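> Encoded as structure tokens, here's the structure I'll be asking about.
The values are calculated or read from the model by the stated rules, or taken from the named source; none is laboratory data. The structure displayed is predicted, hence computed values, not measured ones. Cβ placement follows ideal geometry from the backbone for every residue including glycine, while neighbour counts extend to all protein chains displayed. Protein only, heavy atoms only, side chains kept; ligands, DNA and RNA dropped before computing areas. Shrake-Rupley method; radii C 1.70, N 1.55, O 1.52, S 1.80 Å.
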Amino acid sequence: MAIYDNIKGIEEEIIKCMKCGNCQAVCPVYKETLAESGVARGKIQLAAKILKGEAKYTPELYKKFDLCLQCQACSANCPCGVKAHKIIMAARAELTRQNALPFAKKAAFNVLRKPALFDFGLRLGSTFQGLAFRKNATGMSPRFPIGLEMRRVIPSLANKPLRSELPETNKASKSRKKVAFFTGCVTNYIYTNVGKAVVEVLNHNGVDVIIPKEQHCCGAPATINGDIETGKAMAKSHVDIFSKLDVDAIITVCGTCGGTFEQKYVELLADDPVYAEKAKAVAKKIRDISEYLVDDLKVDFSKLGKVNMTFTYHEPCHIGRGMGLTRQPLEMLTKIPGISYKAMKQPNRCCGGAGSFSLTNYPVSYQILKKKLDDIQGTDSTVVVTGCGSCRMQIEDGLSQEKMPHHVMHVIEVVQRAYQSKK
Amino acid sequence: MSKAQAIEALVKALGKENVITEHEELVCYSFDATADMPSQMPDVVVTPTNTHDVTEILKVANQYKIPVYPRGSGTNLCGDTIPLKGGIILRMQKMNKIIEVDADNLVAVVQPGVIINDLNVAVAPFGLIYPPDPGTVATATMGGSVSECSGGLRGLKYGVTKHYVMGLEVVMIDGTVARFGGKTVKNVTAYDMVKLFTGAEGTLGVITEITVKLIPAPETKKSMLAYFDKLEDAGNTVTEIVRSKVIPATMEIMDQVTIRTVENFSKVGLPTDCEALLLIEVDGIPEVVEREAATVVKVVGNNNGKIKVAKDDVERDGLWAARRAALPALAQMKPTTVLEDATVPRSKLTEMLVALQNIAKKYNLHIGTFGHAGDGNLHPTILTDERDAEEMKRVHQAVDEIFKVALELGGTISGEHGIGMAKAKYLPLEFGEQGVEVMRKVKRALDPENLLNPGKMMG
């Protein structure tokens, strides 16, 4: 029974929790609120009530489950191996079934389901963003309340989305492999250079890169918020798009997108007679860019050009705990000649971004971010490297608010620099 | 409608934001870490930030005759923070300041909401440690730990929490603030009230400030893993090591059920055919550690055991991984983990281990036993499923028998977990009715209306 379709499907996971409270030690939200409802143990008991039919949707109940970053630290730290983050997702899905999402979220996800409209909206946004946002040194802040926190600094939308800048097929000069590239929204609309870096580095390694034009949002924002219907529609569409391609791998540059393809699509479509197997086949091909370069292509990074840079690394939750890639990004970066790595105290502690969480829970989100910023401050580095666009937006906001001099790069941009300096 | 009036009075005293009555939040305070306990919702969750707040809250509770349950992180294993009779959950987590680290006097003064591990982090730069180390050291609060008088892995050499509490500030049910003890090593003035409130499980007063003793951190440590084909050999080894005047910091035992489960679960390379293993760690000055380790190796050999000594920190971590995996490995086998706390004099360890094996057979239950062999504190862990009513009946019978045997061997019903509501019924077995009555008199004198953590320990 799929956990997203029926909360009964997560019963065994709920029963497994022995309520030891060990999750308190690692939950970033709990560390700020110190409320039992903020931590997995409390939420699991609330989920048990929903399961038994003793609790039904109320806005307050939905809010309890909403206050979770899905950073998975609780699950990683649980002595009983309870997948607490999945219980929370199953509860969100159940509550959303009982009562529709708040209007704003619902409207947003409806747009996600219409890729063309979503694309049109963001293109329009790029042209007219100056009306709503005020530019500052590092990005933009909202000019008037539009549902975003007024203090928040967000990056500008790119003038041209990545997918309309690059051709659908990007052939290498000496091609030996072929991959598809799932760009994800943040890379497509904001950090387009990340996408260009992926293509450039892969081409350097003799890999042809196909960027399917009809791809769109992976659906994680909808699924994570409990809108399973939208999540499934997105999953089916992407399974169709990527199934028909004859490629060795599907490259992602964000743990949330990667994990959605690799795990959530399989879970969402587990009971579907047509899509279950197809989703598994697509999932097997998913590789984060760091994983693909290190494990599949076995690139010798020590032979690349020199990059004079002292960096610290923030491990995105969905790259580290989500996709299990704790070794690859650092293995890649630290081998590049000239580069120096200064580890922060807790590289794998959530930055508090968590996609829409940072928009709807800005004060808590910022408190969590503040700890990350202190950690960065303590490292004697000038660059923060990470592997996720959402984390990057969050950290850039903080660096700007605190007037810190660091700048943020995606791992692949560092590798791109190493290739460029070799020339 | 006294409850509604009481809540109104609490709001007036503490402000709306510190008085929670939202149903969804109350559900989250209806349980603690104890398995197989009834859950009960409080009427209100109140969050004080200083002693004055606590005074105000207790005055309201006293005036309206509403029960109060002091609560830290809710990690206790005896049902002590379940609000059995409804009322006020007194959430102490935001009183979490380390007030002072006084390295000259080897003491620290903390508020009750400080996490134990945070205190250790704060005293580490002074080369000091706070030795009590319950398994929940990263989550449990100092207040909870003092109230439960919790123990831990280092109990053999370093004792339990009460051996480190030097002074307390306590608020009584009528709002009176009393201070006992202090920073002096020698303090024999009048009744030892510090010891009385330590381990009182929140039934006599609410602790608002704690002065604890710190000790110099041991310079070095050496860990060893010993395997035995016969349970008796392991038990005799424990006794003989201590008889040889070596007091390890840690001497942990795992029985065969636990070894097999751990190995099956985490593949750390344990020999699954041995009947018991001991994890032994000696610590202190390097020369002494060397000498003590050599003695341990000799004693293990004398008792037909095989031993592996960790050469460096990596190997030491490897040995500890096996011990740390014990509970999680057991806990993952079945959904419900009933973790007991029977403790016997060290010399009776083997008898207790054999008795536990027999109890498992008699009631047809899966019991894995691990624990602190050096101090006779065992954690027989019954693996079951609370949805299976028939099996739960046998679990309860087995638990009754475990405590009966422990007491017959001259032991106690709690080595480190406390009494709470889980073990209150066994108290007369240990103290007799007369002993319990003496305690009841103390309870009645300090809390005549039974408002402080009712339903626990003294009923």
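> Taking residue B:119 as the residue in question, decide whether it is modelled with pLDDT under 95 and assigned to a helix (DSSP H, G or I).
Details: modelled with pLDDT under 95: no; assigned to a helix (DSSP H, G or I): yes.
So residue B:119 fails the test.
> Further question on the same structure: Of all the residues that make up the range A:225-251, how many are over 19 Å from residue A:272 (Cα atoms) and modelled with pLDDT of 90 or more?
Taking the range A:225-251 as the starting set, the residues that turn out to be over 19 Å from residue A:272 (Cα atoms) are A:225, A:245-251.
Right, trim to modelled with pLDDT of 90 or more and you get A:245-251.
Here the count works out to 7.
> Checking the conditions here, which among B:130, B:191 is touching a Leu at 6+ places or on another chain (Cβ under 6 Å) and either polar (S, T, N, Q) or away from chain A (no Cβ under 14 Å) (or both)? Talk me through it step by step, then tell me what you get.
Working: B:191 fails: touching a Leu at 6+ places or on another chain (Cβ under 6 Å).
Matching residue, one of B:130, B:191: B:130.
> Please find, among B:113, B:87, B:74, B:15, the residue that is within 14 Å of chain A (Cβ to nearest Cβ), on the phi > 0 side of the Ramachandran plot and either of a type in the set (S, T, N, Q) or open to solvent by less than 30 Å² (accessible area, probe 1.4 Å) (or both).
B:74
> Just give me the residues in the range A:81-101 being open to solvent by 10 Å² or more (accessible area, probe 1.4 Å) and either within 21 Å of residue A:369 (Cβ to Cβ) or not hydroxyl-bearing (Ser, Thr, Tyr) (or both), in sequence order.
A:81, A:83, A:85, A:86, A:94, A:97, A:98, A:99, A:100, A:101
> Scan the range A:196-251 residue by residue and report those that are within 15 Å of residue A:292 (Cα to Cα), in a helix (DSSP H, G or I) and of a type in the set (D, E, K, R).
Matches in the range A:196-251: A:200 only.
> Can you go through A:49, A:56, A:8 and tell me which one is in a helix (DSSP H, G or I), more than 11 Å from residue A:78 (Cβ to Cβ), open to solvent by 20 Å² or more (accessible area, probe 1.4 Å) and more than 10 Å from chain B (Cβ to nearest Cβ)?
Testing whether each residue is in a helix (DSSP H, G or I), more than 11 Å from residue A:78 (Cβ to Cβ), open to solvent by 20 Å² or more (accessible area, probe 1.4 Å) and more than 10 Å from chain B (Cβ to nearest Cβ) leaves just A:8.
> Whether any residue in the range A:22-37 is basic (Lys, Arg), open to solvent by 20 Å² or more (accessible area, probe 1.4 Å), within 11 Å of chain B (Cβ to nearest Cβ) and within 19 Å of residue B:35 (Cα to Cα) is what I want to check.
No.
> Testing residue B:367 on (1) over 24 Å from residue B:89 (Cα atoms); (2) touching a strand residue (DSSP E or B) at 6+ places or on another chain (Cβ under 8 Å); (3) modelled with pLDDT of 95 or more, one condition comes back false. Which one is that?
(3)
> On to the next question. Looking at the range B:1-12, which of its residues are open to solvent by less than 30 Å² (accessible area, probe 1.4 Å) and either within 8 Å of chain A (Cβ to nearest Cβ) or in contact with a strand residue (DSSP E or B) (Cβ under 6 Å, 6 or more places away or on another chain) (or both)?
B:10
> If only one of B:49, B:55 is within 14 Å of chain A (Cβ to nearest Cβ) and touching a residue at least 24 places away in the same chain (Cβ under 8 Å), which one is it?
Selected residue: B:49, the only one of B:49, B:55 that is within 14 Å of chain A (Cβ to nearest Cβ) and touching a residue at least 24 places away in the same chain (Cβ under 8 Å).
> Another question, if that's okay. Of everything in the range B:161-176, what is more than 13 Å from residue B:54 (Cα to Cα), outside any strand (DSSP E or B) and open to solvent by 30 Å² or more (accessible area, probe 1.4 Å)? Give them in sequence order.
B:162, B:163, listed by residue number.
> Something else: Among the candidates B:369, B:384, single out the residue that is of a type outside the set (A, V, I, L, M, F, W, C) and touching a Pro at 6+ places or on another chain (Cβ under 6 Å).
Just a single option satisfies the conditions, and that option is B:369.
> Okay, moving on. Which of (1) closer than 18 Å to residue A:72 by Cα; (2) within 10 Å of chain B (Cβ to nearest Cβ); (3) surrounded by fewer than 24 Cβ atoms within 10 Å (Cβ to Cβ) is the odd one out, the single condition residue A:3 does not satisfy?
Result: residue A:3 passes all but (2).
> Given the criterion among the basic types (Lys, Arg) and modelled with pLDDT of 95 or more, identify the matching residue among B:230, B:213. Let's see the steps before the verdict.
Details: B:230 fails: modelled with pLDDT of 95 or more.
Checking each option against the conditions leaves just B:213.
> Continuing with the same structure: Out of the range A:311-336, which residues are without any contact (Cβ under 8 Å) to a residue 60 or more places away in the chain and not in a helix (DSSP H, G or I)? Outline the logic, then answer.
First, pick out the residues of the range A:311-336 that are without any contact (Cβ under 8 Å) to a residue 60 or more places away in the chain: A:324, A:326-328, A:330-331, A:334-335.
The answer is A:324, A:326, A:327.
> I'd like the residue in the range B:133-149 that is part of a loop (DSSP other than H, G, I, E, B) and within 14 Å of residue A:20 (Cβ to Cβ) and, out of all such residues, is modelled with the lowest pLDDT.
B:135
> It is to be established whether one or more residues within the range B:389-401 are in contact with a strand residue (DSSP E or B) (Cβ under 6 Å, 6 or more places away or on another chain) and surrounded by 21 or more Cβ atoms within 10 Å (Cβ to Cβ).
yes
> A follow-up question, please. Looking only at the range B:18-59, which residues are outside any loop (DSSP other than H, G, I, E, B), within 22 Å of residue B:449 (Cβ to Cβ) and open to solvent by less than 10 Å² (accessible area, probe 1.4 Å)?
B:44, B:45, B:46, B:54, B:57, B:58 - these are the residues of the range B:18-59 that are outside any loop (DSSP other than H, G, I, E, B), within 22 Å of residue B:449 (Cβ to Cβ) and open to solvent by less than 10 Å² (accessible area, probe 1.4 Å).
> Can you find even one residue in the range B:177-192 that is closer than 24 Å to residue B:80 by Cβ, open to solvent by less than 80 Å² (accessible area, probe 1.4 Å) and not hydrophobic (A, V, I, L, M, F, W, C)?
The answer is yes, given that some residue of the range B:177-192 is closer than 24 Å to residue B:80 by Cβ, open to solvent by less than 80 Å² (accessible area, probe 1.4 Å) and not hydrophobic (A, V, I, L, M, F, W, C).
> I'd like to verify a number: residues in the range A:400-420 that are open to solvent by 10 Å² or more (accessible area, probe 1.4 Å), assigned to a helix (DSSP H, G or I) and not basic (Lys, Arg), how many?
6
> Look through B:66, B:99 and report the one residue that is more than 11 Å from every other protein chain (Cβ to nearest Cβ), out of contact with any Ser or Thr (no Cβ under 7 Å at 6 or more places or on another chain) and assigned to a loop (DSSP other than H, G, I, E, B).
Step by step, each of B:66, B:99 is checked, and only B:66 is more than 11 Å from every other protein chain (Cβ to nearest Cβ), out of contact with any Ser or Thr (no Cβ under 7 Å at 6 or more places or on another chain) and assigned to a loop (DSSP other than H, G, I, E, B).
> Look through the range A:67-80, keep the residues that are farther than 22 Å from residue A:360 by Cβ and open to solvent by less than 20 Å² (accessible area, probe 1.4 Å), and return whichever of them is farthest from the other protein chains (Cβ to nearest Cβ).
A:75
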